[in-house]
Ligand code: SF4
């Protein structure tokens, strides 16, 4: 029998949806580097789920969770088709849907996918992580090189312009000078910057 795969996992009031273990970044801080376990959940997937398999793990009463969050060990937008299918069904049932992303979806799919995300996703958290392209590339090792840093900014700007509640996130260990530069980037893109505490 196939081992149980954590296509969904619960943290606090939210249900997280784990579509893939693949990513276009190889961040030096990624939890994938250290353990196959996150808040006690084994998130490395032996195989990726079909949308129906994810939906089978969504409670009939979607109000049981505050938010349904696409976020895993990998980058959810790599599986855009599955993400949209699940997100649209969740929205149809009245759920609040969030995407946590590295913001590289338009680079990955070589087209503007923000129109697809509008209407399927309520909120998007784009990890900005750093204040310059060089620093981002050193920290996140994107397969797209420095284009990833500029691409994620354009992605966030487009998502916000389409009415999706979008923000950048960074961790609070950057220091005030870098945080000020990140704030300026966020302002230029027309999105807020959320500074979250660093978790060891
Ligand atoms: S973008 Fe996220 S999943 Fe991808 S390597 Fe970085 S921290 Fe890990």
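Protection proxy ranking of 3-9, 193-199, by the mean of other Cβ atoms within 10 Å over each peptide's residues and highest first, is 3-9, 193-199.
Considering the range 119-178, its Cα convex hull presents a mean projected area of 4.6 nm².
Considering the range 56-127, its Cα convex hull presents a mean projected area of 4.7 nm². What's log10 of I(q)/I(0) for the chain at q = 0.19 Å⁻¹, Debye sum over Cα points only, no solvent? So the normalised log intensities are -1.48. Rg/Rh for the range 71-186 stands at 0.97; both radii use Cα atoms, and Rh follows the Kirkwood definition. Determine, from the Cβ-Cβ distance of residue 184 and residue 63 and an R0 of 25 Å, the FRET efficiency 1/(1 + (r/R0)^6), rounded to the nearest 0.05. Here the calculated transfer efficiency is 0.05. Between the helical axis of 176-189 and the longest alpha-carbon principal axis of the chain there is an angle of about 70 degrees.
Every number here is computed from the coordinates shown, using simple stated rules; none is lab data. Source: prediction; values computed, not measured. Positions of Cβ are generated from backbone atoms using ideal geometry, with glycine treated the same way; all protein chains shown enter the neighbour counts.
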